[in-house]
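Heads up, the thing below is written out as structure tokens.
The values are calculated or read from the model by the stated rules, or taken from the named source; none is laboratory data. For clarity, every value in this text was computed on a predicted model and none was experimentally measured. Positions of Cβ are generated from backbone atoms using ideal geometry, with glycine treated the same way; all protein chains shown enter the neighbour counts. The protein model used for the area step is the full one, side chains on, heavy atoms only, and it has no ligands, DNA or RNA in it. Shrake-Rupley method; radii C 1.70, N 1.55, O 1.52, S 1.80 Å.
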Amino acid sequence: MDNTSDKLITFSTHNVNGYKRSKEFLRGQCENNPDCIRAIQEHWLRPPYKKQHGVNQLRCLHPDFDGFGTSAMKRDNDSKIAVGRPYGGTGFIYNKKYSKCLKPLLHHSHERVTTLELQTREERIILINCYFPFYNKRDLEAYTEMYREMIGYLDNLMHQYQGSLFVMLGDFNCDIHDPNHRYARMIQ
């Protein structure tokens with residue numbers, strides 16, 4: 001519940017495979033369930049630059065909703081001319097009526113993680129939206145190291161908010177219930 005009413009807030013997570021191609025789907029989700037906080041992964045939006053909106057497009061999906069996110073292309077965007085297909089990125093989309101009890105945690109900077117604080121009457125809940133590396137057998141050690149780095153980042157983040165409740169949403173890129181999967185063991 002939020003701290004201003006007795007409304008029940010729900011959460012959903014979507015790997016959207018590109019914001020542009022999923023915009024109408026997300027807009028429909030906002031209309032159909034306005035009390036849902038949506039975590040999205042793989043929006044493929046660039047960082048804001050001059051007149052290009054980039055990841056700020058999440059703020060204007062729907063007139064009643066706000067949003068924010070991180071771009072996985074920041075490092076590449078800052079260091080070179082962007083070429084090829086865009087990739088990655090995480091974000092949240094939420095109803096503006098909950099803005100009083102939601103606070104983006106912008107000081108946590110990771111290209112695969114976006115965090116949001118939800119303050120209810122009883123609890124502080126940290127929503128973590130993450131997009132883990134996929135399971136690449138051709139370069140398994142490098143991708144496993146990226147996975148470990150993400151686990152370390154999330155562990156550190158959770159230690160900073162001890163005493164809070166956590167909801168982790170995202171694309172884990174593994175079957176988290178398979179005890180034999182290399183990534184699942186790390187998640188568990």
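For the reader, a short list of remarks on this structure follows.
- Restricting attention to the stretch 8-48, the residues that are open to solvent by 70 Å² or more (accessible area, probe 1.4 Å) and modelled with pLDDT under 95 total 4.
- The C-beta contact set for the stretch 153-166 (first residue outside any helix (DSSP H, G or I), second residue charged (D, E, K, R) and open to solvent by 40 Å² or more (accessible area, probe 1.4 Å), distance under 9 angstrom, 6+ apart or interchain) comprises Tyr161/Arg124; Gly163/Arg124; Ser164/Glu123; Ser164/Arg124; Leu165/Glu123; Leu165/Arg124.
- Test: residue in the stretch 126-136 that is under 17 Å from Cys174 (Cα atoms), free of Cβ contacts under 8 Å to residues at least 40 places away in the same chain, assigned to a helix (DSSP H, G or I) and of a type outside the set (Asp, Glu): no
- Qualifying residue in the stretch 118-125 (condition: surrounded by 13 or more Cβ atoms within 10 Å (Cβ to Cβ) and without any contact (Cβ under 8 Å) to a residue 12 or more places away in the chain): no
- Among the conditions (1) touching a residue at least 12 places away in the same chain (Cβ under 8 Å); (2) not in a helix (DSSP H, G or I), Tyr147 misses just one, which is (2).
- Residues satisfying the criterion are absent from the stretch 66-87 (criterion: at pLDDT 95 or above and touching a Cys at 6+ places or on another chain (Cβ under 8 Å)).
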